[in-house]
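Below is one structure, written out as structure tokens, with a few remarks after it.
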Amino acid sequence: MTVITRFAPSPNGLLHLGHAYSALFSQDWAKRHGGRFLLRIEDIDFTRTREEYVQAIFDDLSWLGLEWEEPVRRQSRHMDEYHRRLEELKKRGLVYPCFCSRKAIAEHIRRHPDWPRTPEGAPLYPGTCRQLSPEERQERLARGERPAWRLDMKKALASLGARAKTLSWQEEGSGPHGERGRIPADPARFGDVILGRRDIGISYHLAVVHDDALQGITHVTRGQDLFHATGLHRLLQELFALPAPVYVHHPLITDEGGRKLSKRFRDRALSFLRKEGVSPQSIKRLLGF
Ligand code: GLU
């Protein structure tokens, strides 16, 4: 088996030291295993993507000395593939349209202080639109109301039968609490997640699972901030009968205060450091490569 890793940034800001670490980590993992390294541009969110950030990704990574295979996959050019996935789930009755506004959901949760939350801290969807009758759904869609599409978590798990209980992944990096080895997926903790966003039509989870399988990624190398989402990704892989890659989550590079670096802080951007005369070698040394 040839190891294939990828670095998959979203071009909605400038890359910073945290991205440099992630990209170097992915390339290094591939190199050490005699494998291949891919770059993928995750630009489905047209409300935040900017072309100048796509170019900056290429420039910054080249400057760092990274080499990736061409052509680079750009998710925005493959929306039809993700929509076909969503359509399949619609046909199987595993997603339903949700017409709730963010405000209505927030209001519901405000009235229930102990409302359950996902491992990432977001409140679970209360399930309001799961109860709608087929007629009401049809009527609202026909009226031109634009819904989000949510996974019916209970139905999805039921469709897997006994496999739902043993769903897990192989972790060769570590989770935020040092989790390693065989990790239970436990996707029910996410509730009815959105797979089709109202604004852009598709969610990150659907696109990432489709692409990792399509590109034959054997080792998904990424930051620990996505550790919990892996449970959901494993469920989607199982629903679509896609292979399960190995996951290698790495610690996040934090600022002096221990906070995750953000694309908002331009002074930590790679392009800023480059203009300040910092060398790629010193950045690699700083990051331990
Ligand atoms: N595009 C995602 C991000 O920039 C990363 C996706 C992944 O590595 O699975 O946060």
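For the reader, a short list of remarks on this structure follows.
- Remark: His228 matches the filter, which requires a residue to be modelled with pLDDT of 95 or more and open to solvent by 20 Å² or more (accessible area, probe 1.4 Å).
- Selection from segment 165-183 of residues that are without any contact (Cβ under 8 Å) to a residue 24 or more places away in the chain and either surrounded by 13 or more Cβ atoms within 10 Å (Cβ to Cβ) or touching a strand residue (DSSP E or B) at 6+ places or on another chain (Cβ under 7 Å) (or both): Arg180, Gly181, Arg182
- Residue count for segment 236-256, restricted to those that are on the phi < 0 side of the Ramachandran plot and away from the ligand (no atom under 15 Å from the Cβ): 7
- Test: residue in segment 177-193 that is within 13 Å of the ligand (Cβ to nearest atom) and outside any loop (DSSP other than H, G, I, E, B): no
- Residues that are in a helix (DSSP H, G or I), among the polar types (S, T, N, Q) and away from the ligand (no atom under 11 Å from the Cβ) within segment 10-56 comprise Gln27, Gln55, listed in sequence order.
- Within segment 112-146, the set of residues being closer than 20 Å to Ser203 by Cα, in contact with a Leu (Cβ under 7 Å, 6 or more places away or on another chain) and part of a loop (DSSP other than H, G, I, E, B) comprises just one member, Thr118.
- Residue in segment 97-105 that is in contact (Cβ under 8 Å) with a residue 24 or more places away in the chain, in a loop (DSSP other than H, G, I, E, B) and either open to solvent by less than 40 Å² (accessible area, probe 1.4 Å) or not β-branched (Val, Ile, Thr) (or both) present: yes
- Taken together, the residues in segment 221-232 that are within 22 Å of Gln27 (Cβ to Cβ) and touching a His at 6+ places or on another chain (Cβ under 8 Å) amount to 7.
- Segment 206-231: number of residues that are in a helix (DSSP H, G or I) and either more than 12 Å from the ligand (Cβ to nearest atom) or under 19 Å from Arg77 (Cβ atoms) (or both): 10
- Whichever residue in segment 68-84 is open to solvent by 40 Å² or more (accessible area, probe 1.4 Å) and in a helix (DSSP H, G or I) and, among such residues, is farthest from Asp43 (Cα to Cα): Arg84
- Options Arg137, Arg111, Arg130; residue that is over 23 Å from the mean Cα position of the chain (by Cα) and surrounded by 16 or more Cβ atoms within 10 Å (Cβ to Cβ): Arg137
- In segment 148-163, of all residues being free of Cβ contacts under 8 Å to residues at least 60 places away in the same chain, open to solvent by 20 Å² or more (accessible area, probe 1.4 Å) and not basic (Lys, Arg), the one that is nearest to His205 (Cα to Cα) corresponds to Ala158.
- Applying the criterion of being of a type outside the set (Lys, Arg) and open to solvent by less than 10 Å² (accessible area, probe 1.4 Å) to the residues of segment 25-50, the residue that is farthest from Val248 (Cα to Cα) is Asp43.
- Here Leu287, Leu270, Leu226, Leu239 are screened, and the one residue that is under 25 Å from Pro184 (Cβ atoms) and in contact (Cβ under 8 Å) with a residue 24 or more places away in the chain is Leu239.
- Yes/no for Ser62 being polar (S, T, N, Q), surrounded by fewer than 19 Cβ atoms within 10 Å (Cβ to Cβ), in contact (Cβ under 8 Å) with a residue 12 or more places away in the chain and in a helix (DSSP H, G or I): no
The values are calculated or read from the model by the stated rules, or taken from the named source; none is laboratory data. Bear in mind that the values here come from a model prediction, so they are computed numbers and not experimental data. Positions of Cβ are backbone-derived with ideal geometry, glycine not excepted, and every protein chain shown enters the neighbour counts. Just the protein is used for accessible areas: all its heavy atoms, side chains included, with ligands, DNA and RNA removed. Shrake-Rupley method; radii C 1.70, N 1.55, O 1.52, S 1.80 Å.
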